[in-house]
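Read through the structure below, which is laid out as structure tokens, and then see the notes.
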Amino acid sequence: MTGGGTLRGDVRVSGAKNAALKLMAAALLAPGESRVDNVPRILDCRLMGEVLARLGVGVSWEGASVRIDASELSAIEAPYDLVRRMRASIVVLGPLLARCGRARVAMPGGDEIGSRPIDLHLGGLSRMGAEITLEHGFVDARAPHGLRGAQLTLDYPSVGATENLMMAAVAARGRTVIDNAAREPEIADLASFLSAMGARIDGAGSSSIEIEGVDGFHPTAHVTIPDRIEAGTWAIAAVASRGDVTVHDARPDHMELLLSKLHDAGAEIEATPGRVRVRQPLRPRAVDFVTLPYPGLATDFQPILLAMLAVAEGTSIATENVFERRFLYVDELRRMGADIRTEGHHAVVRGVPRLSAAPVRALDIRAGAAMVIAALVADGVTEISEVHHIDRGYEHLEEKLRALGVEARRRGDRRFVADPAEAR
């Protein structure tokens, strides 16, 4: 990185987007007002609030807390105009069906990073007695006599399917077992919230979850876990920029494999409960990695790591095993001088000493974060467009960048990131 610009200082991560969205949906199960704390004020969470409001739920924001009053539901349909903008909206299907005996949810949209079929969601609900039809772009699910417990084995440990089936199973008659369940920390966080509402769940966070259905739920309050992807983003940015960053409110136990990879790249890491310091004294070294479901390396880290490895010393090989179209953003990095070749599920990254500023686009949330990191290690001023994608996953990004010594400013729907050598 020319000019000696580095990220230096302290940054605090927000609550986990991928946990908060599901917690908000889970509040549909309990008549009354629940409160979810440590919710990031980002676009996706606001959209989930709008989805709940369309169902007749009272939603009010107080700083990082959201109050959800599900005393009365006036609708059972999550409309296309909202669901198409955020794929996670599909998780209202399970709790709506459990509480109302019917749910009508538009087929989801979201990032264009590959096929994410909802067959696992629908197949599991069908096994629990739901009658499901797909028509006019909607999933119409009915369980007029309630759901029943079932033995469910997922073909793939899908996070969304595990969450949807958990939220349905807690109200089903009898016992449900979800085998080959997702093991992400967000699953355990959702189970903790549901248990506080009266659910009976064992094994969340493992590959086998057992749920005994109960008759009713009561509202509760819950604090969302920290966002491990945001924490990892700052750690990776510190390594890419040869900086020294302390990430507060991070959970090192949720990102052990990532920190190991950063250590292999030459980072000096101090990890304590609630805090990670990452210092990179020299140019990072090349590392190979493979994305896998948790506890493997999260696919969300893949674009961000490639931006770091674009300026690493040596050649790295990245293998993407989760989404087949997650390399779409690579052309944007190439515009900045990155030497990356992709073939199928693999990317070969030959590190170059520096990148060069160019106009680039944020094609999805994590690709947008990759563009920000590439801008940090580029010579000159980089213009990033379509930053509404970044806004879906990162809270107060400009403010946090400025606190770490980067000049960043927004103009309309574009963000301009200046050469970090100009700052501090």
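The values are calculated or read from the model by the stated rules, or taken from the named source; none is laboratory data. Worth saying up front: this structure is predicted, and the values here are computed from it rather than measured. Cβ atoms come from the backbone with ideal geometry, glycine included; neighbour counts cover every protein chain shown.
General remarks:
- Condition met for A182 (buried (at least 23 other Cβ atoms within 10 Å of the Cβ), part of a loop (DSSP other than H, G, I, E, B) and either touching a Lys or Arg at 6+ places or on another chain (Cβ under 6 Å) or in contact (Cβ under 8 Å) with a residue 24 or more places away in the chain (or both)): yes
- Within the span defined as segment 133-154, every residue fails to be in contact with a Ser or Thr (Cβ under 8 Å, 6 or more places away or on another chain), at positive phi and either not assigned by TED's automatic domain parsing to the domain that holds R99 or not in a helix (DSSP H, G or I) (or both).
- Taken together, the residues in segment 94-107 that are touching a residue at least 40 places away in the same chain (Cβ under 8 Å) and either crowded, with 24+ Cβ neighbours inside 10 Å or within 15 Å of R54 (Cα to Cα) (or both) amount to 5.
- Contacts under 7 angstrom Cβ, first residue in segment 25-44 being closer than 26 Å to R12 by Cα and in the same structural domain as V57 (by TED's automatic domain parsing), partner of a type in the set (D, E, K, R) and assigned to a helix (DSSP H, G or I), 6 or more apart: P40/K17; I42/K17; I42/D391; L43/D391; D44/K17
Conditions (1) in contact (Cβ under 8 Å) with a residue 60 or more places away in the chain; (2) over 15 Å from T176 (Cα atoms); (3) small (G, A, S), marked per residue:
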site: G124; (1), (2), (3): no, no, yes
site: A130; (1), (2), (3): no, no, yes
site: L134; (1), (2), (3): no, yes, no
site: G137; (1), (2), (3): no, yes, yes
site: P144; (1), (2), (3): no, yes, no
site: G149; (1), (2), (3): yes, no, yes
site: L152; (1), (2), (3): no, no, no
site: D155; (1), (2), (3): no, yes, no
site: V159; (1), (2), (3): yes, yes, no
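- Odd one out for D119 among (1) free of Cβ contacts under 8 Å to residues at least 12 places away in the same chain; (2) under 29 Å from Q302 (Cα atoms); (3) crowded, with 16+ Cβ neighbours inside 10 Å: (3)
- Candidates V13, V57 - the one that is out of contact with any Gly (no Cβ under 6 Å at 6 or more places or on another chain), aliphatic (A, V, I, L, M) and either free of Cβ contacts under 8 Å to residues at least 24 places away in the same chain or closer than 19 Å to C100 by Cα (or both): V57
- Filtered residues of segment 51-93 (kept if crowded, with 17+ Cβ neighbours inside 10 Å, farther than 23 Å from G393 by Cβ and of a type in the set (G, A, S)): A70
- Among residues of segment 55-92, those that are in a helix (DSSP H, G or I) and among the hydroxyl-bearing types (S, T, Y), counted: 2
- Filter result for the condition that a residue is under 29 Å from D379 (Cβ atoms) and out of contact with any strand residue (DSSP E or B) (no Cβ under 7 Å at 6 or more places or on another chain), over Q302, Q280: Q280
- Search result, residues across segment 338-352 that are in contact with a strand residue (DSSP E or B) (Cβ under 9 Å, 6 or more places away or on another chain) and either in contact (Cβ under 8 Å) with a residue 60 or more places away in the chain or not hydroxyl-bearing (S, T, Y) (or both): A338, D339, I340, R341, H345, H346, A347, V348, V349, R350, G351, V352
- Candidates V311, V278, filtered to the one that is part of a loop (DSSP other than H, G, I, E, B), surrounded by 23 or more Cβ atoms within 10 Å (Cβ to Cβ), outside the structural domain of V159 (by TED's automatic domain parsing) and over 20 Å from the mean Cα position of the chain (by Cα): V311
- For segment 52-71, filtering for residues that are under 20 Å from F193 (Cα atoms) and either among the acidic types (D, E) or in contact with a Leu (Cβ under 6 Å, 6 or more places away or on another chain) (or both) leaves 4.
- Check on A374, of a type in the set (A, V, I, L, M), in a strand (DSSP E or B) and either touching a Lys or Arg at 6+ places or on another chain (Cβ under 9 Å) or within 21 Å of E398 (Cα to Cα) (or both): no
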